[in-house]
Amino acid sequence: MADTAFTNATQILEPFKGVKKVTIEEYFTSGHRTCQGCESALVMKLMVKAAGPRTIVLGSTGCMYVANTTYYTTPWVVPWMHTQLGSSGSAALGTSAGLKALMKKGKMKAEPINVIAFCGDGGGADMGLGAISATLTHKEYNSLILLYDNESYANTDIQLSGSTPYGANTTFSPPGSVKRIIHTRWKKNTAGMLAAGHPECRYVATVDASYAVEMMNKVRKALTIGGPTFIHSLDPCPKGWDYDPMLSHELGELAVETGVFPLYEVEDGVVRHYGKTKAIVEGRPRKPVRDYLLKQGRFAHFTEEDLDYFQAKVDEMWDKWEIPGVIPFWKERPGK
Ligand SMILES: Cc1ncc(C[n+]2csc(CCOP(=O)(O)OP(=O)(O)O)c2C)c(N)n1
Ligand code: SF4
Ligand SMILES: [Mg+2]
């Protein structure tokens with residue numbers, strides 16, 4: 001265990017060496033009302049299982065607040081607090097600073113307590129980005145911010161966010177007979193942006209609950225490294241993405257296998273690709289993006305031309321970016 005006298009200690013959470021070594025205790029249990037097949041609920045469960053009982057969870061408004069804390073019920077076994085939609089960063093920093101001050105004054109036992117704040121893509125990649133950025137500059141406070149990305153403002157009926165993929169049908173971007181593609185912007189590269197821009201943040205990672213042990217181990221690593229850390233999780237959402245709930249796990253895998261959502265970590269400035277993403281970097285062919293897109297009703301209006309455009313943009317991430325799938329700078333761009 002690190003320096004408890006300094007009251008900035010982190011727990012040393014060794015990685016789970018395979019699924020059989022994962023601890024059995026649950027800290028996110030029954031009592032929630034998320035949709036069948038909701039991957040974000042699984043992310044909550046795995047996140048806090050990985051962190052263990054000495055954890056405080058803070059969550060910004062969104063499905064993981066509203067569906068998880070219906071009047072008088074909650075699945076959280078650990079202390080949990082709601083925070084305003086754009087405030088996951090402030091809540092993480094304030095809680096961590098509060099704990100540190102209380103421990104320093106001797107008002108509570110000096111011990112490592114994990115502080116995890118989660119946010120949706122609306123709350124994190126859009127509205128609360130400034131607060132997350134500020135938190136990632138404060139290296140003296142330990143906190144993990146986990147962005148669960150269901151690629152829309154789901155709780156308020158699937159409005160598009162900066163994290164919604166190109167062309168998706170949302171309540172703000174319904175395809176019409178005159179204009180087929182309403183949402184013409186490419187998805188924000190949130191993890192890459194935060195990793196590149198925050199020198200005091202020692203750990204940024206992307207995860208996908210279809211690869212559950214890897215996901216939990218990245219949470220454990222972030223909490224062990226300490227300081228402010230950030231994890232971005234891609235979460236298939238049967239309601240917003242419009243698919244049969246039994247496909248959640250498969251879609252999570254396809255997002256990685258097609259190269260749409262690369263799995264990596266940036267630890268102290270060093271990039272490591274993971275799992276099937278690593279295999280792709282080492283030369284394994286990516287599956288075509290159509291295998292992923294056409295399983296989802298939100299892309300049902302896509303023509304061959306739209307699929308080609310999407311494929312070309314993903315190809316660019318892999319073939320042209322400075323660091324494949326992570327950092328989108330080109331050494332030089334032909335014709336510009
Ligand atoms: C300041 C503010 N604006 C708008 C809302 C209404 N609102 C509640 S949840 C939500 C969607 C949040 O989207 P996201 O963060 O992606 O979480 P998700 O619902 O997708 O889980 C919105 C817009 C609010 N609660 N607070
Ligand atoms: S709308 Fe999506 S994120 Fe929200 S509870 Fe349902 S499946 Fe989960
Ligand atoms: Mg969302």
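If you go through region 250-275 and keep only what is farther than 17 Å from Glu322 by Cα, open to solvent by 60 Å² or more (accessible area, probe 1.4 Å) and free of Cβ contacts under 8 Å to residues at least 60 places away in the same chain, you end up with just Glu250. Applying a threshold of 6 Å to beta carbon distances and a minimum spacing of six or more residues, or different chains, the list of pairs starting in region 96-119 at a residue that is of a type in the set (Gly, Ala, Ser) and part of a helix (DSSP H, G or I) and ending at one that is away from ligand 3 (no atom under 16 Å from the Cβ) and open to solvent by less than 50 Å² (accessible area, probe 1.4 Å) reads Ser96/Val115; Ser96/Asn142; Ser96/Ser143.
The rows are residues; the columns are (1) within 13 Å of the chain's Cα centre (by Cα); (2) away from ligand 3 (no atom under 16 Å from the Cβ); (3) modelled with pLDDT of 95 or more; (4) open to solvent by less than 40 Å² (accessible area, probe 1.4 Å).
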site	(1), (2), (3), (4)
Met193	no, yes, yes, no
Ala196	no, yes, yes, no
Val213	no, yes, yes, yes
Ile231	yes, no, yes, yes
Asp235	yes, no, yes, yes
Lys239	no, no, yes, no
Asp242	no, no, yes, no
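The set of residues in region 37-61 that are within 8 Å of ligand 2 (Cβ to nearest atom) and in contact (Cβ under 8 Å) with a residue 40 or more places away in the chain comprises Gly37, Cys38, Glu39, Ser40. The number of residues in region 218-246 being in contact with a helix residue (DSSP H, G or I) (Cβ under 8 Å, 6 or more places away or on another chain), of a type outside the set (Gly, Ala, Ser) and within 13 Å of ligand 2 (Cβ to nearest atom) comes to 10.
On inspection, Asn155 does not qualify as closer than 27 Å to Pro328 by Cα and either open to solvent by less than 70 Å² (accessible area, probe 1.4 Å) or part of a loop (DSSP other than H, G, I, E, B) (or both). Total residues in region 88-109 satisfying the condition of being over 23 Å from Gly124 (Cα atoms) and surrounded by fewer than 18 Cβ atoms within 10 Å (Cβ to Cβ): the figure is 8. Considering region 13-35, and only residues there that are touching a Pro at 6+ places or on another chain (Cβ under 6 Å) and within 16 Å of ligand 1 (Cβ to nearest atom), the residue that is least open to solvent (accessible area, probe 1.4 Å) turns out to be Phe28. Within region 120-132, the set of residues being in a helix (DSSP H, G or I) and open to solvent by less than 40 Å² (accessible area, probe 1.4 Å) comprises Asp121, Gly122, Gly123, Gly124, Ala125, Leu129, Ala131, Ile132.
Against the criterion of being within 16 Å of ligand 3 (Cβ to nearest atom) and either open to solvent by 20 Å² or more (accessible area, probe 1.4 Å) or touching a His at 6+ places or on another chain (Cβ under 6 Å) (or both), Val66 qualifies. Within the bounds of region 58-65, is there any residue that is outside any loop (DSSP other than H, G, I, E, B), touching a strand residue (DSSP E or B) at 6+ places or on another chain (Cβ under 9 Å) and aliphatic (A, V, I, L, M)? Checked region 58-65: at least one residue is outside any loop (DSSP other than H, G, I, E, B), touching a strand residue (DSSP E or B) at 6+ places or on another chain (Cβ under 9 Å) and aliphatic (A, V, I, L, M). Selection of helices (runs of 4 or more DSSP H) fully inside region 270-336 by the criterion of at least 3 residues being more than 21 Å from Glu214 (Cα to Cα) returns 289-293, 304-319. Of all the residues that make up region 134-152, how many are part of a loop (DSSP other than H, G, I, E, B) and surrounded by fewer than 24 Cβ atoms within 10 Å (Cβ to Cβ)? Selection size over region 134-152: 5. The one condition from (1) touching a helix residue (DSSP H, G or I) at 6+ places or on another chain (Cβ under 6 Å); (2) closer than 20 Å to Asn155 by Cα; (3) within 13 Å of ligand 1 (Cβ to nearest atom) that Tyr65 does not meet is (1).
For region 44-63, the set of residues classified as within 16 Å of ligand 3 (Cβ to nearest atom) and of a type in the set (Val, Ile, Thr) consists of Thr61 only. Does region 69-85 include one or more residues that are closer than 20 Å to Ile225 by Cα, touching a residue at least 40 places away in the same chain (Cβ under 8 Å) and either touching a Cys at 6+ places or on another chain (Cβ under 7 Å) or away from ligand 3 (no atom under 16 Å from the Cβ) (or both)? Checking region 69-85: not a single residue is closer than 20 Å to Ile225 by Cα, touching a residue at least 40 places away in the same chain (Cβ under 8 Å) and either touching a Cys at 6+ places or on another chain (Cβ under 7 Å) or away from ligand 3 (no atom under 16 Å from the Cβ) (or both).
The values are calculated or read from the model by the stated rules, or taken from the named source; none is laboratory data. Values in this document were obtained by computation on a predicted structure and should not be read as measured data. Note that we place each Cβ from the backbone using ideal geometry, even for glycine, and neighbour counts take in every protein chain shown. SASA here: full protein model, heavy atoms, side chains in, ligands and nucleic acids out. Shrake-Rupley method; radii C 1.70, N 1.55, O 1.52, S 1.80 Å.
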